[in-house]
Amino acid sequence: MNNDPLAYLGQGGQFPPSSRYQNTEIVELVTADGRTIAYLRRRFVPPPENFSTLQEHRVVEGERLDHLAAKYLGDPEQFWKICDANTAFVPSELTDTPGRTLRLTLPEGFPAPPSANA
């Protein structure tokens with residue numbers, strides 16, 4: 001058994017750059033009996049105005065968020081970026097309603113290129 005409390009978090013306490021938790025601080029709690037418990041501080045979803053919209057996608061019946069992430073972002077595990085851009089805490093809600101329009105955005109803090117605003 002590994003005694004390193006961070007070993008199970010990402011790779012030895014590090015999350016890959018593509019992870020939604022990459023910039024989330026890992027902290028430790030030492031219990032009264034001396035055990036160390038590692039945990040992540042809370043991740044706050046950025047406000048939608050922090051994202052520049054590149055395009056929109058209208059949901060059709062049967063679509064899945066991981067498929068949309070693969071199509072638009074090149075990686076199905078990046079579905080959380082679509083969730084953040086659309087302020088969704090329950091990913092499946094984004095594709096439950098056909099006709100819903102989803103924002104596809106740049107990462108937080110990146111301004112849209114001039115062509116995206118035309």
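Every read-out reported here was derived from the displayed coordinates using simple, explicitly stated rules and does not represent laboratory data. Since the structure is predicted, the reported quantities are computational estimates derived from the model, not experimental observations. Don't worry about glycine lacking a Cβ; one is built from the backbone with ideal geometry, like all the others, and counts go over all protein chains shown.
Key figures
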item	result
In segment 28-86, the chymotrypsin sites (Phe, Trp or Tyr not before Pro) that fall in loop regions by DSSP, at most 16 other Cβ within 10 Å	44
Net charge contributed by nearby residues that have their C-beta within less than 9 Å of residue 24 (K/R +1, D/E -1)	+3
Förster radius 35 Å - calculated FRET efficiency between residue 20 and residue 61 (Cβ-Cβ, nearest 0.05)	0.80
Theoretical gain in end-to-end length, residue 30 to residue 54 [0.36 nm per residue, Cα-Cα removed]	4.1 nm
